[in-house]
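Here's the structure we're looking at; comments come further down.
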Amino acid sequence: MQLIPKSNFTTILNDKSVSLFNLKNKQGLVGQITNYGGRLISLWTKDKNDKLEDIVLGYNSIQDYLDADEMFFGAIIGRYGNRIAAGQFTLDNNTYGLETNNTPNHLHGGLHGFHNVVWDANQISESKLELYYTSNDGEAGYPGNLKVTVIYELTQENALHISYSAKTDKKTIVNLTHHSYFNLQGAGSGTINNHLLQIYASHYTPVNTNMIPTGEIASVKNSPFDFTESKPIGKDLDSTNTQLQLGSGYDHNFVLDYRGLKKAAIVKETISGRKMTVYTTEPGIQFYGGNHLNTKKAGKNNLYYNSQTGFCLETQHFPNSPNQPNFPSTVLEPRDTYTSICIYKFGII
């Protein structure tokens, strides 16, 4: 295991200090996180032979992230994860216009989203890092001064535990998530289509040609979107299916079957023997198969990341919820506190 030197991330951006933080637990799980975008840079986990491998896609230095064509590697996403149609939503008869960075939509908080800011950081133990950021009223078009705390912890249960909380002084919308690309055989090791995936969701939200949910909550039964039983990610990719064509593969929100903190998905990789189980308090999870990955800049170990060599499982409220009254609400009132939990737990098949 060769960790990225902290000096590769030591710089000043927007008058704030950027750093790299090393986390570890007693089970051998090791992570590296930078406060630039709150990004998970590396995550070293054991395979069936106790060999450590870095399983998240990413880069070796802060400059590589600043120059990258893939903007979201490992980042905290906010204020709103996923898409908002036409970059607009209405609250109390006030219409707010957001940055449209995914024509014609607003995606992952816009150009000035949380992936592009320098968070205040406090490493409180060898396994826990707290990040803080205040998003000012009007930032990227959102109302309210939003104070956000994100805590990364490598637990003794061999999990990456991510907890989010936020407070606002004006009615607003919030939907935070995490955007690591995983490959359980190792970052840059090839396709993820042989990984076995199970999602605890009997429904999903189909999209239109702009990748915006139509409002329908559709059954996955008898479709390529049925992951209720474990199957290879690539098993049904060549099916004649309009939704797969629209996303160039999987890039869809799945409606989880249970509420509260629950198991959302399990991924297994048989060569390494690694297993990742995802838990969340959120009602949905976006499964993205890395369809559009095609990095022009070499990543860690001088490897390039091509289409479908990494997958994302982003715990979330549904895309475009502010414009879909039948979806769970993402409105945050000043009297309330936004909270969300995402857990990626690692083990062996």
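Okay, residues lined up against (1) touching a Gly at 6+ places or on another chain (Cβ under 9 Å); (2) under 22 Å from THR10 (Cβ atoms):
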| residue | (1), (2) |
| --- | --- |
| ALA85 | no, no |
| GLN88 | yes, no |
| LEU91 | no, no |
| THR100 | yes, no |
| LEU107 | yes, no |
| ASN116 | yes, yes |
| SER125 | no, yes |
| TYR133 | yes, yes |
| GLY141 | yes, no |
(message) List pairs: first residue in the range 99-117 and in contact (Cβ under 8 Å) with a residue 40 or more places away in the chain, second residue assigned to a helix (DSSP H, G or I) and open to solvent by 10 Å² or more (accessible area, probe 1.4 Å) anywhere in the structure, Cβ distance under 7 angstrom, at least six positions apart or on different chains.
(response) GLU99/ALA140; GLU99/GLY141; PRO104/ALA86; ASN105/ALA85; ASN105/ALA86
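This table checks each residue for (1) within 17 Å of SER135 (Cα to Cα); (2) modelled with pLDDT of 95 or more; (3) in contact with a helix residue (DSSP H, G or I) (Cβ under 9 Å, 6 or more places away or on another chain).
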| residue | (1), (2), (3) |
| --- | --- |
| THR11 | no, yes, yes |
| LYS26 | no, no, no |
| ILE41 | no, yes, yes |
| ASP47 | no, yes, no |
| LEU98 | yes, yes, yes |
(message) For the structure I just gave you, tell me whether PHE346 is closer than 29 Å to ALA68 by Cβ and either without any contact (Cβ under 8 Å) to a residue 60 or more places away in the chain or not in a loop (DSSP other than H, G, I, E, B) (or both).
(response) yes
(request) State yes or no: is GLY273 in contact with a strand residue (DSSP E or B) (Cβ under 8 Å, 6 or more places away or on another chain), among the small types (Gly, Ala, Ser), surrounded by 14 or more Cβ atoms within 10 Å (Cβ to Cβ) and within 30 Å of ASN8 (Cβ to Cβ)? (result) no
(request) Would you mind listing the strands (runs of 3 or more DSSP E) fully within the range 1-69 where at least 2 residues are open to solvent by less than 30 Å² (accessible area, probe 1.4 Å) and under 18 Å from VAL150 (Cβ atoms)? (result) 20-24, 30-34, 39-46
(request) Check the range 295-314 and report whether any residue there is open to solvent by less than 60 Å² (accessible area, probe 1.4 Å), out of contact with any helix residue (DSSP H, G or I) (no Cβ under 7 Å at 6 or more places or on another chain), farther than 30 Å from ASN49 by Cα and not β-branched (Val, Ile, Thr). (result) no
(message) Pairs needed: first member in the range 146-167, within 21 Å of GLY81 (Cβ to Cβ) and open to solvent by 20 Å² or more (accessible area, probe 1.4 Å); second member anywhere, of a type in the set (Ser, Thr, Tyr) and part of a loop (DSSP other than H, G, I, E, B); C-beta distance under 8 Å; at least 6 residues apart or different chains.
(response) GLU153/SER127; HIS161/THR155; SER165/THR337; LYS167/THR337
(message) So, GLY249, is that one crowded, with 20+ Cβ neighbours inside 10 Å, within 19 Å of the chain's Cα centre (by Cα) and under 20 Å from PHE346 (Cα atoms) or not?
(response) no
(request) Could you pull out the residue among ILE199, ILE217, ILE212 that is of a type outside the set (S, T, N, Q) and touching a helix residue (DSSP H, G or I) at 6+ places or on another chain (Cβ under 8 Å)? (result) ILE212
(request) Within the range 292-304, identify whether any single residue is part of a strand (DSSP E or B) and of a type outside the set (Gly, Ala, Ser), and answer yes or no. (result) no
(message) Looking at the structure I just gave you, is ARG259 at pLDDT below 95, under 30 Å from ASP92 (Cα atoms) and in a loop (DSSP other than H, G, I, E, B)?
(response) yes
(request) Mind telling me which of the residues PHE287, PHE318, PHE254, PHE327 ends up being free of Cβ contacts under 8 Å to residues at least 60 places away in the same chain, buried (at least 17 other Cβ atoms within 10 Å of the Cβ) and in contact with a strand residue (DSSP E or B) (Cβ under 8 Å, 6 or more places away or on another chain)? (result) PHE254
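The values are calculated or read from the model by the stated rules, or taken from the named source; none is laboratory data. These numbers were taken from a predicted model, which means no experiment stands behind them. Cβ coordinates were reconstructed from backbone atoms using ideal geometry, including for glycine residues, and neighbour counts include every protein chain displayed. For the accessible areas, the whole protein counts, side chains as well, though only heavy atoms, and no ligand, DNA or RNA atoms are used. Shrake-Rupley method; radii C 1.70, N 1.55, O 1.52, S 1.80 Å.
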